[in-house]
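What follows is a single structure, written as structure tokens, with notes after it.
Any read-out appearing in this document is the output of simple, stated calculations on the displayed coordinates, not a laboratory observation. Values in this document were obtained by computation on a predicted structure and should not be read as measured data. Quick reminder, even Gly has a Cβ in these numbers, built from the backbone with ideal geometry, and neighbours come from all protein chains shown.
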Amino acid sequence: MRFKAFLRDRLHPPRPDTAAVARIKAWAQAALGAETAFAVNEIACLDPSCPGAETVILVMAPGRKTRACKIPKLLDDVAESDVRRALGVPEIPSR
């Protein structure tokens, strides 16, 4: 039974939470600027050294090589501070 579930998830993975994707893209856009494009995905890693699932932000800035920023959390668990840290942007100081 587990094998069937594994195959089902591989062939028809669950759709990502569009609200979480939009939220993460907005945080990345605010951190890096309007001219940069982003792709946000949650991936499952089967390698024992991986955290299991992680959120990957592809950063596509004009004239620069695309880079992948990884956050070792599920999409729904990512906070703005995680995004800023992954992008290498200083966090906004608390008031």
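Numbers at a glance
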| quantity | calculated |
| --- | --- |
| Residues (exposed (fewer than 15 other Cβ atoms within 10 Å of the Cβ), in contact (Cβ under 8 Å) with a residue 12 or more places away in the chain and not hydrophobic (A, V, I, L, M, F, W, C)) located in region 34-69 | E35, N41, P51, P62 |
| Subset of region 50-86 (residues that are β-branched (V, I, T) and either farther than 11 Å from F38 by Cβ or touching a His at 6+ places or on another chain (Cβ under 7 Å) (or both)) | T55, I71, V78 |
